[in-house]
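What follows is one structure encoded as structure tokens, with my remarks underneath.
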Amino acid sequence: MPIHYGSQVEEHNCVRTAAGVFDVSHMTVIDVDGEDATAYLQRLLANNVAKLKVLGAALYSAMLDENGGVLDDLIVYKTTSGYRLVVNCATRVKDLKWMAKHASGFSISVQERPNLSILAVHGPLAISIVCKILEKNEFLGNDSGEKVRTLKNFQSIKLNDWFVARTGYTGELGLEVILPSEQAPSFWDALLDEEVKPVGLGARDTLRLEAGMNLYGNDMDENTSPLSANMNRTIAWEPDDREFIGRDALKNHQLEQKAGNLAVLVGLVMEARGVLRNGQKIICTELSGEIAEGFITSGSFSPTLKHSIALARIPANTESCQVLIRDNLIPLRIVEPGFVRFGKKIFT
């Protein structure tokens, strides 16, 4: 997947106003099947897959190590025979080894699916265009478009060999289509024939940043607690007796959090001229008046908002903060992580 196919800004804006397609076939698809699939993933993941009561339902989860560090973040879908996981490409080898290490004692199969490709189609027009294409494909069924059109967020459906999900990484309406690799080029061409624009990694990054979505390796990793990465929603503490990997460590992280000693991931807005970049130091003034430091985990100019935004890890009791750019300290506004949704500014 290239950084861009032409203009990164134009690709970004196309997803916000019409429809764009991302070839994200580098992501890793893993099917976990067998009679112990639920019990296995309840142990492996911080979120609770038993909450997926309906076929095709999905959830976002962290996979943690024993210290409560984030090994990966992923999406889990409920299938007829078990579950489908889509994990990050950069963590593929590590994830598969970790999953194999903890499979002992469970009656399951863990199968990587390298024969599948993933095309993500996002934007206000994305769902209608994909449904139009699906309805022309007799192999998928004449009612395939209508079935996909009625999907709600974090739902999926299997259409013969195709797997279509209302999930994504842009903060826009859209679908992720997992399909046999040999069929991906024709689907790609059909999308381009409907004036869906190809989008590269550059715009994918600015889109997900505007949506306040984490990037593994930037905003969290094995040295980061999910409680320090705005990932509280990926942890299911109930039932009390579900002993998922990392649970005991997270209890200690909770105590640190209550004491104000655990850093937090926040959104930062800079409306002055300049660009916020990954790794920049943030000068923080705490409620006590003490000066402390944080750092930007993801930062960029926002094509939608026309100014810089960032995700940053700072002390929990920070009252105000600044960034040093070209020997000038520039004040920043602290907001909830998340800046744009469905093309509109969402912070105040």
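Every number here is computed from the coordinates shown, using simple stated rules; none is lab data. Nothing here was measured: the structure is a model prediction, and the numbers come from that model. Methodologically, a virtual Cβ is constructed for each residue, glycine included, from the backbone with ideal geometry; neighbour enumeration extends over all protein chains shown.
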Relative to a virtual label point 7 Å from the Cα of Arg242 in the Cα→beta-carbon direction, which members of the stretch 70-98 show backbone nitrogen distances below 16 Å? 74-79, 83-84
Whole-Å distance linking the alpha carbon centroid of the stretch 68-119 with that of the stretch 157-196 is 21 Å
Calculate the dipole size of the chain relative to its Cα centre from +1 charges on Lys and Arg beta carbons and -1 charges on Asp and Glu beta carbons; express the result in debye to the nearest 20. 620 debye
What FRET efficiency would be calculated for the residue pair Asn160, Val275, taking the C-beta separation as r and a Förster radius of 35 Å, to the nearest 0.05? 0.15
Report the dimensions of the stretch 1-56 along its three principal axes from the alpha-carbon atoms, largest first, rounded to Å. 48, 22, 20
Compactness of the stretch 8-209, expressed as Rg and Dmax over alpha-carbon positions, Å: 16.9, 51
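Out of the chymotrypsin sites (Phe, Trp or Tyr not before Pro) in the stretch 282-348, which ones are loop residues according to DSSP with at most 13 other C-beta atoms within 10 Å?
Details: sites: Phe295, Phe301, Phe339, Phe342, Phe347; in loops: Phe339, Phe342, Phe347.
Answer in residue order: Phe342.
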With at most 12 neighbouring Cβ atoms within 10 Å, loop trypsin sites (Lys or Arg not before Pro) (DSSP) excluded, longest segment of the chain: 153-272
Find, to one decimal place in angstroms, the Kirkwood hydrodynamic radius of the stretch 169-261, where the mean of 1/r is taken over every pair of different Cα atoms and then inverted. 16.9 Å
Fraction of antiparallel bridges per DSSP, the chain only, in percent to nearest 5: 95 percent
By how many nm would the segment from Thr150 to Asp221 grow when fully extended, if each residue of separation counts as 0.36 nm and the alpha-carbon distance is taken off? 22.0 nm
